[in-house]
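Working notes for the structure below.
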Amino acid sequence: MVGHFELVSGWGRTSPSYCDIHRPISDQEVAEIIESAKRTGKQIVPRGLGRSYGDAAQLGGNIVIDVRSLDHIYACDLDSGLISVGAGISLDALMRIFIPMGWFVPVTPGTRFVTVGGAIAADVHGKNHHVDGSFGNHVASLTLISSKGVMELDPSNEEFWATVGGMGLTGTIVRATIRMSKIETSLIKVDTERASNIDELINIMETTDDNYKYSVAWIDLISSGKNLGRSVLTRGDHALLEDLPAAKRKKARYFDPKVGLKAPLSPPFSPLTPLTVRTFNTLWYHKSPTRKLGEIQEITKFFHPLDGVGDWNKLYGPKGFCQYQFVVPFGQEDALKQIIDATSRSKMTSFLAVLKRFGEGNASHLSFPSPGWTLALDVALGALGPAKYFDYLDNIVLKAGGKIYLAKDSRVRPDLFSAMYPNLPKWQVIRDRLDPDNLFSSDLAKRLSILETK
Amino acid sequence: MNDSTSMPQNVVVLGGTSEIATHTLRLLSGRRLKKVLLVGRNKNALESSAMGLESLGVDCAIHVRDTTDIKSASRLEDAVKESLDTVDLVLVATGMLGSSDFENLGPLGVAEIIETNFVGPSSELVVLADILKRQGFGSIVIISSVAGVRVRKDNFIYGSAKAGLDAFAQGLSQCLAPHNIRVTIVRFGFVRTRMTKGLKDAPMTIDVDTASSLLVAAIEKGKTGVVWIPSNLKFLFAILRALPTKIWWKLSERS
Ligand SMILES: Cc1cc2nc3c(=O)[nH]c(=O)nc-3n(C[C@H](O)[C@H](O)[C@H](O)COP(=O)(O)OP(=O)(O)OC[C@H]3O[C@@H](n4cnc5c(N)ncnc54)[C@H](O)[C@@H]3O)c2cc1C
């Protein structure tokens, strides 16, 4: 297998590195790349659609296995919703194929353009985490090619849980069997309501989130004072046939989203200035209905509004941007408010931020979701300020017993990372067993010393 | 690795005992700095610089350069491989002001100043650039000086060597850009250090603390190409560079 060098980075377009990219078209070829790396002494990282924000799916000077061509559907049971697919298939493809048949992906992140492998490796969550947990909860089994060879893993193996959330560091996932979730229509029945500040928001979410399968709040992080944390909550469930007007029931499971226009080629500066963002946030808040119940929305509008604009990440300018996402346990609402308050006072202008309540976590050692409040916000880089501001937030998060999300990270301090993930040493033991030669690594793993045992 | 705010973890410093370098490393140690390889000529001085950094929790290795050894380059490569997992930043801080009394210095004395400020760092940069190219990322920050922008009688040997290094760095920058390696040339004005001790302050003189925090700020902002510290020097030197020789001579005579 020959590869060639390409410059790769994550979605935030920061810290790119040149990597030797291999695009295997079969499981066999994946195994061959791994074998040949053993001989050449090169290291490997698997990569899907590169939607992690930082440096998780790159490895400067070494091998990237781009698994996107492993996109077959090996089996599907339309009665039980169990499907076996190649790890390189995207959730977009799964939705296009299976929604019309009445099956929805069990978990979808804010973009459809992630692979099944990436969804498992980062153990991604969606708006239904408080009800259904994260992606790993819906994986019945997976095939991993580690430096030890091919392994079939299921939730009874600890190697399975080291691979779920394991950020590609245990080996390359080549196949997975997933439990899809049954739907009657391709539409979502949505309730929208505004909350004029963070206290009101927390109160509404605590008392009524459990009435919905999907829930998320968009927060304006710029307004302060009595408007601090003003937000728009959108919550919903899959619409049932009976929720649709008779005329629409015929094509109830139609799903064929258009992929958005590309954003104008990378502008040399970011058009997202404090002024434009502030204006946008204000307009957006006032344009949202105070309360609107039972609106029927398309899946794309409800789950993936950003996918409508191709390459929107380029709008953040040439220095890229950082998405900061953390979770703090329930009971630590003060830490959450402290962060929202600090952000509104700081010069950081975050576009809309997203707040969600997580439910129970799973047995994965490095998985991000755990019961509590999770907030994600975007900040453009290339100026003084963000670095120290994020460091400041890290400390609040750690003190509150929380953690940051590896799939989004590009800058946390290594020692704080390991303090936030107390199961790291347990994970390291299992991963060392799977990869005694340290064949798998990543720029992220090096930056955070994830593989260095203390 | 460099993080997304351009903060390096592993750094190679040419001129490991330089005051600006030491102060810069101290600041970086409060950010993400993990390990440093200090390169220089004076073993004892390198060791004491290393001790200072170790006390801040930074792992240190030293490499004593011997410019008379033709194998010096490959020894540097080995030292880097042995001590650092990745090279995120190469900081070139080698500097020897010397005198400009060339008659007294003689050919060897002049050669030494040029060797230290220009020949040594340029040839070492060739070795390091190759390492960065192979690892697929990295940045190089080269400390240059306004002394090389418009040379004057008082420090022209140093100035001419810095001008050489500056020009070398500009070319290197162009060669390395397609390889994802960022080169930043930092033209400092007069910085009060051991090296400049006893000299009269020039316009816009700054102390080492200011110099190094401005340097770290430039790194954090992801600046590439030429950076002037302090930044107003850019405008001052646009004028000074345009002055007719006679006037420049008179002006530099008086200072
Ligand atoms: C607009 C947007 C919205 C998002 N919203 C959410 C959200 O709501 N919730 C959420 O959880 N995440 C969210 N994300 C993050 C994204 O879901 C994760 O980063 C996901 O892992 C990306 O999948 P990918 O296929 O692009 O993987 P990549 O980014 O290519 O890789 C991510 C990690 O998975 C590993 N990996 C990839 N493929 C394999 C494989 N076959 N075997 C082993 N390891 C592999 C890589 O090594 C890397 O560590 C969002 C990202 C974007 C851009």
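Condition check ((1) modelled with pLDDT under 90; (2) assigned to a helix (DSSP H, G or I); (3) over 15 Å from residue B:89 (Cβ atoms); (4) polar (S, T, N, Q)) across all residues:
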| residue | (1), (2), (3), (4) |
| --- | --- |
| B:196 | yes, no, yes, yes |
| B:199 | yes, no, yes, no |
| B:203 | yes, no, yes, no |
| B:227 | no, no, no, no |
| B:238 | no, yes, yes, no |
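To keep it simple, each residue is scored yes or no on (1) on the phi > 0 side of the Ramachandran plot; (2) within 14 Å of another protein chain (Cβ to nearest Cβ); (3) in contact with a strand residue (DSSP E or B) (Cβ under 8 Å, 6 or more places away or on another chain); (4) surrounded by 23 or more Cβ atoms within 10 Å (Cβ to Cβ).
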{"site": "A:353", "(1), (2), (3), (4)": "no, no, yes, yes"}
{"site": "A:363", "(1), (2), (3), (4)": "no, no, no, no"}
{"site": "A:400", "(1), (2), (3), (4)": "no, no, yes, no"}
{"site": "A:420", "(1), (2), (3), (4)": "no, no, yes, no"}
Can you name the condition, by its number, that residue A:95 falls short on among (1) of a type outside the set (D, E, K, R); (2) surrounded by 22 or more Cβ atoms within 10 Å (Cβ to Cβ); (3) within 13 Å of the ligand (Cβ to nearest atom)?
-> (3)
Can you name the residue in segment A:106-118 that is hydrophobic (A, V, I, L, M, F, W, C) and more than 6 Å from the ligand (Cβ to nearest atom) and is also surrounded by the fewest Cβ atoms within 10 Å (Cβ to Cβ) among such residues?
-> A:113
Options A:361, A:372, A:401, A:382: the member that is modelled with pLDDT of 95 or more and closer than 23 Å to residue A:51 by Cβ = A:361
Scanning segment B:189-228 for residues that are under 21 Å from residue B:151 (Cα atoms) and of a type in the set (Val, Ile, Thr), which turns out nearest to the other protein chains (Cβ to nearest Cβ)?
-> B:227
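Please specify each residue of segment A:277-325 satisfying the condition of being of a type in the set (D, E, K, R) and touching a helix residue (DSSP H, G or I) at 6+ places or on another chain (Cβ under 7 Å).
The one that is of a type in the set (D, E, K, R) and touching a helix residue (DSSP H, G or I) at 6+ places or on another chain (Cβ under 7 Å): A:307.
Touching a helix residue (DSSP H, G or I) at 6+ places or on another chain (Cβ under 8 Å), surrounded by 21 or more Cβ atoms within 10 Å (Cβ to Cβ) and of a type in the set (Gly, Ala, Ser): does that describe residue A:252? Steps first, please.
Values: touching a helix residue (DSSP H, G or I) at 6+ places or on another chain (Cβ under 8 Å): yes; surrounded by 21 or more Cβ atoms within 10 Å (Cβ to Cβ): no; of a type in the set (Gly, Ala, Ser): yes.
So residue A:252 does not fit the description; no.
For (1) in a helix (DSSP H, G or I); (2) surrounded by fewer than 22 Cβ atoms within 10 Å (Cβ to Cβ); (3) within 14 Å of chain B (Cβ to nearest Cβ), each residue gets a yes or a no:
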residue	(1), (2), (3)
A:368	no, no, no
A:373	no, no, no
A:378	no, no, yes
A:387	yes, yes, yes
A:392	yes, yes, yes
A:396	yes, yes, no
Return a yes/no flag: does segment A:214-231 have any residue that is farther than 25 Å from residue A:131 by Cα, in contact with a strand residue (DSSP E or B) (Cβ under 6 Å, 6 or more places away or on another chain), crowded, with 17+ Cβ neighbours inside 10 Å and not basic (Lys, Arg).
-> yes
Residues of segment A:9-46 that turn out to be free of Cβ contacts under 8 Å to residues at least 60 places away in the same chain and more than 14 Å from chain B (Cβ to nearest Cβ), as a count | 12
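Go through segment A:17-47 and give me each residue that's part of a strand (DSSP E or B), away from the ligand (no atom under 14 Å from the Cβ) and touching a helix residue (DSSP H, G or I) at 6+ places or on another chain (Cβ under 9 Å).
The first filter runs over segment A:17-47 and keeps only residues part of a strand (DSSP E or B), leaving A:17-22, A:44-47.
If we keep only those that are away from the ligand (no atom under 14 Å from the Cβ) as well, we get A:18, A:20.
Across segment A:17-47, the qualifying residue is only A:18.
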Residue pairs qualifying under the 9 Å Cβ cut-off, at least six apart or on distinct chains, with the first in segment B:82-101 being under 30 Å from residue A:42 (Cα atoms) and the second being of a type in the set (Phe, Trp, Tyr) and surrounded by 19 or more Cβ atoms within 10 Å (Cβ to Cβ), are B:86/B:137; B:88/B:137
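Being buried (at least 20 other Cβ atoms within 10 Å of the Cβ), within 14 Å of chain A (Cβ to nearest Cβ) and polar (S, T, N, Q) narrows it down to one of B:24, B:5, B:94, so name that one.
On the way: B:24 fails: within 14 Å of chain A (Cβ to nearest Cβ); B:94 fails: within 14 Å of chain A (Cβ to nearest Cβ).
Residue meeting the stated conditions: B:5.
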Positions within segment B:162-183 being of a type in the set (S, T, N, Q) and buried (at least 17 other Cβ atoms within 10 Å of the Cβ), in sequence order | B:173, B:180
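The values are calculated or read from the model by the stated rules, or taken from the named source; none is laboratory data. Model, not experiment: these values are computed from the prediction. When we count neighbours, we look across all protein chains shown, and the Cβ atoms used for this are built from the backbone with ideal geometry, even at glycine.
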